[in-house]
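Engineer: There's a structure below that I have some questions on.
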Amino acid sequence: MIEVQNLTRRYGDFTAVDSISFAVDDGEIVGMLGPNGAGKTTAIRMITGFLPPTSGRVRVSGRNLFEDPVEARRDVGYLPENVALYPEMRVSEYLAYRARLEGMTGAAARTAIREVLADCLIESVARQVIGTLSKGYRQRVGLAAAILHQPKVLVLDEPTVGLDPKQIIAIRELIRTLGGRRTLLLSTHILPEVELLCDRVVIIDRGRVVAEGTPDSLRRSWQGEAVVTLELKEGRAEAAELLAAVAGVAAVEAHGDREFELRCRPGSDPREELFRLAVDRRWTLLELAQRKASLEDIFVRLTTDDAGAAAAGAVEPAAAGEAGEVEN
Amino acid sequence: MNAVWATITRELRAYFLSPLAYIVAALLLLVNGFVFWFIVSALNNPQFGGQIAPLGFFFNGLFFWLVLLFVAPALAMRLISEERRSGTIEMLLTAPITEAQVVVSKFLSAWIFYAFLWLPTVTYALILEYYHEVDWGPVAASYLGVLTVGALFLSVGVLATALTRSQLVAAAITFALLIPLFSFGFLEGLVNAELPKQVFSYLSLPQHMEDFSRGIVETRHLAYHLSATVFFLFLASRALAARKWR
């Protein structure tokens, strides 16, 4: 259980995190979503007790990380954004050190190390010096160290950054299996990751929580603004005007006289009417499709008003392609 | 405590794997070997015979202080600065270990390594013992001085390394703090009033080492070294707790 209340962090005049509040329940996977520079990492650093907040409060398993640091930190496993490890140590030595830091000894520590080596697919590099490992392996060693002591709460800051697609799938699989057993807060700017893994999403922009809910509920509340695309076989000069008159259509954007994009009024689905219109007018329909607002649309809309292009540019191109799938 | 011990052993391992530690060790042995050779030559030279106090020369000479002023920054500069530069500090400070425990572990590992560096010089006394009876009391007292003055110097280094992410800046800060700390005693000759004279004399590190090399273990000296060490380590742990970075 993580409770965040009015958490604020200022650096001089700049407010990196501005009074955010949310909670992660036991056994829940919550994704913290936001463009680069939104304050995700600063928020996570305060939640894990690395950075003292300017004001506000964080409680993990009911304990304050700054009032009861040693005991409260035992409950938290943390994978920082930049996974930093001691380059001169071997993987197994590093994990042994982390186990001792967490107060584990003897057989319990050895068993735990064996388990995380297997879980994180790093058995093959256990004897290797960390400085010689690739980024993907280092990321997994960091994750292994974070889950070593079986913390009740796991905080992962961009856990799949810098991994190749195969590793991303493996790590996501691991996160999913971890999620059932413990409370998990995950920060990312990769949208499909959120849809795949998270029970709930907190969208952060410029240090504030701009939306919160399950991926479904977020999508539902924005579905009203679905877009219908329509393509005709032959060009019709009068089509734009007729389409705009159909009930439920809020606006028509014409690309020439054959292709149209219709913005729908909230809650309405004008596809049936559009089909009838086409039949009446003897238009040959090549395409009639409704595109539901994807999490990406919501994300871009919520984080785009003034800061504009910067926020939109932060969405990974590959991710954008996947999330923006046309439905129906 | 397990966390402290784990961190000390990790740090010691890092020392033994870093080239810098070997360079420092080589430097220390080179200079001390030279000083020892000089002392033996002087003792064998009828012109100097009996004129020099071997222990005073070895433990309170120009070379002793020069080496110490470089060894302490070199050993301490990596301790916390490197963790901040590489980012491993984030892991360390979110682990169940307090800032004070981190500072103490770092300091103790540096101190143990420092003591280890001095260990080979004991053979000099053993070599002398082979040819002539050695008065072990003053030798032991001198090594006690080496350890407590070293603790003081290293604690200044730990404070400096807690203040910056650059090892070079940490070494420079250490050096800049050690120079006045070391030179306080020289002010004694510059003042006439009784009280300041006494104060400077009390704070004079060369005076302390002089006493130790004569076999005098003065509790006031030890109290000064240890309380100053604790003071600098306390400042270091406050600096670390303040997290005034980024």
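Per-residue answers, yes or no, for (1) more than 32 Å from the chain's Cα centre (by Cα); (2) among the hydroxyl-bearing types (S, T, Y); (3) modelled with pLDDT under 85; (4) loosely packed, with under 14 Cβ neighbours inside 10 Å:
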site: A:G224; (1), (2), (3), (4): no, no, yes, yes
site: A:T229; (1), (2), (3), (4): no, yes, no, no
site: A:L232; (1), (2), (3), (4): yes, no, no, no
site: A:L242; (1), (2), (3), (4): yes, no, no, no
site: A:A250; (1), (2), (3), (4): no, no, yes, no
site: A:H255; (1), (2), (3), (4): yes, no, no, yes
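Engineer: Anything in the stretch A:251-292 that is among the acidic types (D, E) and either touching a residue at least 24 places away in the same chain (Cβ under 8 Å) or in contact with a Gly (Cβ under 6 Å, 6 or more places away or on another chain) (or both)? List them, or say none.
Structural biologist: Result: A:D257, A:E259, A:E261, A:D269, A:E273, A:E287.
Engineer: Something else about it: I need a count of the residues in the stretch A:3-27 that are aliphatic (A, V, I, L, M) and within 14 Å of another protein chain (Cβ to nearest Cβ).
Structural biologist: Qualifying residue count for the region: 2.
Engineer: Examine the stretch A:101-119 for a residue that is at positive phi, within 29 Å of the chain's Cα centre (by Cα), surrounded by fewer than 22 Cβ atoms within 10 Å (Cβ to Cβ) and of a type outside the set (D, E), and state whether such a residue exists.
Structural biologist: The answer is no, given that none of the residues of the stretch A:101-119 is at positive phi, within 29 Å of the chain's Cα centre (by Cα), surrounded by fewer than 22 Cβ atoms within 10 Å (Cβ to Cβ) and of a type outside the set (D, E).
Engineer: B:L66 - would you say it is among the aliphatic types (A, V, I, L, M) and within 14 Å of chain A (Cβ to nearest Cβ)?
Structural biologist: So B:L66 does not fit the description; no.
Engineer: Quick one: A:V30 ticks every box in (1) modelled with pLDDT of 90 or more; (2) within 14 Å of chain B (Cβ to nearest Cβ) except a single one, so which number is it?
Structural biologist: It fails just one condition, (2).
Engineer: Quick one: A:Y97 ticks every box in (1) more than 7 Å from chain B (Cβ to nearest Cβ); (2) over 26 Å from the mean Cα position of the chain (by Cα); (3) assigned to a helix (DSSP H, G or I); (4) surrounded by fewer than 23 Cβ atoms within 10 Å (Cβ to Cβ) bar one, so which box is it?
Structural biologist: Every listed condition holds for A:Y97 apart from (1).
Engineer: All but one of (1) in contact with a Pro (Cβ under 8 Å, 6 or more places away or on another chain); (2) hydrophobic (A, V, I, L, M, F, W, C); (3) more than 9 Å from chain B (Cβ to nearest Cβ) hold for A:V58; which doesn't?
Structural biologist: Answer for A:V58: the failing condition is (1).
Engineer: Among the residues that make up the stretch A:86-93, is at least one of them more than 12 Å from chain B (Cβ to nearest Cβ) and at pLDDT 90 or above?
Structural biologist: Scanning the stretch A:86-93, I find at least one residue that is more than 12 Å from chain B (Cβ to nearest Cβ) and at pLDDT 90 or above, so the answer is yes.
Engineer: Same structure, new question: Please return the ranges of helices (runs of 4 or more DSSP H) entirely within the stretch B:66-151 where 1 or more residues are touching a residue at least 40 places away in the same chain (Cβ under 8 Å) and of a type in the set (D, E, K, R).
Structural biologist: Here the list reads B:81-86, B:99-118.
Engineer: Continuing with the same structure: Any chance the stretch B:215-230 includes a residue that's hydroxyl-bearing (S, T, Y), within 14 Å of chain A (Cβ to nearest Cβ), in contact (Cβ under 8 Å) with a residue 60 or more places away in the chain and farther than 28 Å from B:F36 by Cα?
Structural biologist: No.
Engineer: Moving on to the next point. Looking only at the stretch B:44-56, decide whether some residue is away from every other protein chain (no Cβ under 14 Å), part of a helix (DSSP H, G or I) and either of a type in the set (V, I, T) or surrounded by fewer than 15 Cβ atoms within 10 Å (Cβ to Cβ) (or both).
Structural biologist: Checking the stretch B:44-56: at least one residue is away from every other protein chain (no Cβ under 14 Å), part of a helix (DSSP H, G or I) and either of a type in the set (V, I, T) or surrounded by fewer than 15 Cβ atoms within 10 Å (Cβ to Cβ) (or both).
Engineer: While we're on this one: Residue under question is A:A145, and the condition is that it be under 24 Å from A:G180 (Cα atoms), away from chain B (no Cβ under 14 Å) and part of a helix (DSSP H, G or I); does it hold?
Structural biologist: no
For every residue, the table says whether it meets (1) in contact with a Phe, Trp or Tyr (Cβ under 9 Å, 6 or more places away or on another chain); (2) modelled with pLDDT of 90 or more; (3) over 18 Å from B:I112 (Cα atoms); (4) among the acidic types (D, E).
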{"position": "B:W5", "(1), (2), (3), (4)": "no, yes, no, no"}
{"position": "B:E11", "(1), (2), (3), (4)": "yes, yes, no, yes"}
{"position": "B:F36", "(1), (2), (3), (4)": "yes, no, yes, no"}
{"position": "B:L43", "(1), (2), (3), (4)": "no, no, yes, no"}
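Engineer: Taking strands (runs of 3 or more DSSP E) that fall entirely within the stretch A:3-81, which contain at least 3 residues that are under 17 Å from the mean Cα position of the chain (by Cα) and among the small types (G, A, S)?
Structural biologist: Strands (runs of 3 or more DSSP E) meeting the threshold: none at all.
Engineer: Might you check whether a residue that is under 30 Å from A:R9 (Cβ atoms) and modelled with pLDDT under 85 occurs anywhere in the stretch A:139-158?
Structural biologist: no
Engineer: Here's another thing I want to ask about it. Only one of (1) under 21 Å from B:Y143 (Cα atoms); (2) part of a loop (DSSP other than H, G, I, E, B) fails for B:N192. Which number is that?
Structural biologist: All conditions are met except number (1).
Engineer: Looking at the stretch B:54-88 only, could you name the residues that are under 22 Å from B:F113 (Cα atoms) and among the small types (G, A, S)?
Structural biologist: B:A72, B:A74, B:A76, B:S81
The values are calculated or read from the model by the stated rules, or taken from the named source; none is laboratory data. Please read all numbers here as calculations on a predicted model, not as lab measurements. Neighbour counts run over all protein chains shown; Cβ positions are idealised from the backbone, glycine included.
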